[in-house]
Amino acid sequence: MQGIAFCRRCRGMRVGWNGRYFIHCLFCKEWISTSSKLLILTVFLAVIVLPFPTPSAIVFSDTAAVPAVVEASFPARIVPVIDPAVHAVETFLRSYGVDEANRGRVAESIVNAARKYDLEPRLIASIVIIESRANPFAISGSDAIGIMQIHLPTWGQTAERQGVNLFKIEDNIDFGAHILKDYVRQAGLWDGVKRYKGWVPEDAESEQSALDYVSKVQHIYGIREIVASTTAANLLQ
């Protein structure tokens, strides 16, 4: 049976291992030195406080201690590949003052049509320069329209039947190159160009007009330069 102790300060209390008696022994009884009291109080507080985690404590795991490194990946810059043939035609058109707005599109259409119909891109470009200076909305007094000046009385119904938009750059150049190829196949290169102009054999006026047209095409095409370089190459052989 536990005894009862009385203290003028702490009043009555049970003797034994309880908080009230423990504090009485620390602060009221003289059998423990002041330094020992402080040591015991410190240990007591440590036993009470340490088992409970402080709210502000932050615990990092081994893996969380090192911040994750996210490797940023950037898409490789795609550089468009320029067709050398298209670049050459575009440069050619630029030298004759063709408007920059449609120049790339016209050059690409010329190269595509030349490959499709086995024609020289520079020849088609020369005709485009003479006919309209690459203006897709050009209309002549003789009812020819578009970049390659397709003659409506002659080819309008065919274009309509085939769904060709003669004011569209790609359609007009393709259609004009097709017409030119048929004439070249039938009559040879320069007579084919004369027929593209509207040459009617045995008509003096038509003949002269066609010859003048061919001369202009050859001048822009650079036929003299080509002939000179070919002759020089033959002499060196």
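Quick notes on this one:
- Residue match in the stretch 157-180 (condition: of a type in the set (Phe, Trp, Tyr), in the same structural domain as SER132 (by TED's automatic domain parsing) and not in a helix (DSSP H, G or I)): yes
- Restricting attention to the stretch 171-196, the residues being acidic (Asp, Glu) and surrounded by fewer than 18 Cβ atoms within 10 Å (Cβ to Cβ) number 2.
- Among the residues of the stretch 94-116, the one identified as closer than 20 Å to GLN218 by Cβ, of a type outside the set (Gly, Ala, Ser) and either surrounded by fewer than 18 Cβ atoms within 10 Å (Cβ to Cβ) or not assigned by TED's automatic domain parsing to the domain that holds ILE173 (or both) is TYR96.
- Where a residue in the stretch 206-220 is in contact (Cβ under 8 Å) with a residue 24 or more places away in the chain and its partner, wherever it lies, is acidic (Asp, Glu), with Cβ under 9 Å and at least six apart: VAL214/ASP191
- Check on ILE145, of a type in the set (A, V, I, L, M) and free of Cβ contacts under 8 Å to residues at least 60 places away in the same chain: yes
- Conditions (1) crowded, with 18+ Cβ neighbours inside 10 Å; (2) assigned to a helix (DSSP H, G or I); number of the one not met by TRP199: (2)
The values are calculated or read from the model by the stated rules, or taken from the named source; none is laboratory data. Quantities reported herein were computed from a predicted structural model and do not represent experimental measurements. Positions of Cβ are generated from backbone atoms using ideal geometry, with glycine treated the same way; all protein chains shown enter the neighbour counts.
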